[in-house]
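A.B. asks: Dropping the structure in here first, questions after.
Read-outs throughout are calculated quantities, based only on the coordinates presented, and are distinct from any laboratory measurement. Keep in mind it's a predicted model, so treat the numbers as computed, not measured. All Cβ positions, glycine included, derive from the backbone under ideal geometry; neighbour counts span all protein chains shown.
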Amino acid sequence: MKKIAVLPTLLTLGNGICGFVAITFASKIPVADANANANDVNFAWAGWFLLLAMLCDMLDGYVARLTKTASEFGGELDSLCDVVSFGVAPAFLLLKLGPSGASPFLHQVLAGIAALYFACTALRLARFNVENDPDPANHKRFKGLPSPGAAGCLAGLAILRGEFASEQTATWLGFEQPAIHEIVVRVVEVLSPVCALVVALLMVSNVPYPHATSKIFRGKKHIGHLIQVLLAALILLMFRSLAPLLVFWIYAFIFPLRSLFLRNLRAEPSQAMPTSDEHASHKL
């Protein structure tokens, strides 16, 4: 058996195990009783373990580069664990985030969206393995939304569903706790299938996405950059129930909108440029 790097391998396996734990928490939520306050903690833990899986996924490549132990074995293992953490786990969580007690038809639609989400994740990971350089250090941009980013969109909804409807939030907004809880539940039930469908399609799109962690942490930075990162981390901790949702949704949707804007901007000058016949007629 070939030698393997222990620490990067343990981090990669930690990624897959966190995805498995997220599935176990989501499995404790009965569909027929999805509005019960007792299930809020399961939604929250499932979302946080998905984010912990992303942290392990980010660290395993960094540690492999740092120790110069990147290998084909590590890349294959990483893809297998990513399928569990960013494909199976979010798709299963979606089944619990969607409308509870809905008609059989709506439940079938939700199941179809969850299956499509898993399929797009598998296609996204397979395309990444084929089209990209095996060295993680060369991953400056991605074609299509990265699967951790897509999973983060659903994890953010789960954390919102589990933590935002707390008594502290209700007091801050001036609502009774049962009222704000009901509002959050209904909003998440409507948004989760739509969000999952959109991010699933973005994963297999050709929209360019930057490597966010690479831009923030790699290379030498000015001290002001460090202060900005620390301030951002502090703000995110202060609004931790909303922070994952805002961060991942902004990352998922701002770059398609930017690409669409730039495409329209490039098209306008070509449409405004007169043809040769029109130019000749102006001379006459």
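A.B. asks: List the residues, sorted by chain then number, that are 5 or more residues from Phe142 or on another chain and whose placed amide H is less than 5 Å from its amide H.
C.D. replies: Tyr209, His211
A.B. asks: How would you order 90-99, 146-155, 67-76, 244-253 from highest to lowest mean count of nearby Cβ atoms within 10 Å?
C.D. replies: 146-155, 90-99, 244-253, 67-76
A.B. asks: In which sequence would Arg65, Arg240 go, from the one with the fewest C-beta neighbours within 10 Å to the one with the most? Before the final figure, lay out each step's value.
C.D. replies: On the way: Arg65 15, Arg240 12.
Ranking Arg65, Arg240 by Cβ neighbours within 10 Å, fewest first, gives Arg240, Arg65.
A.B. asks: Also, quick follow-up: Can you work out ³J(HN,Hα) from phi for every residue in the range 40-54, in order, using Karplus 6.51 cos²θ - 1.76 cosθ + 1.60 and θ = phi - 60°, giving whole Hz and x for Gly and Pro?
C.D. replies: Those phi angles translate into 4, 5, 5, 4, 4, 5, 4, x, 5, 5, 5, 5, 5, 4, 5 Hz.
A.B. asks: For the ranges 41-52, 180-191, 103-114, what's the packing order if you count other beta-carbon atoms within 10 Å of each residue, average per peptide, and put the highest first?
C.D. replies: In descending order of packing, they fall as 41-52, 180-191, 103-114.
A.B. asks: Could I ask something else about it? Can you work out the FRET efficiency for the pair Glu131 and Arg258, with r the C-beta to C-beta distance and R0 = 25 Å, to the nearest 0.05?
C.D. replies: The pair Glu131/Arg258 has a calculated efficiency of 0.70.
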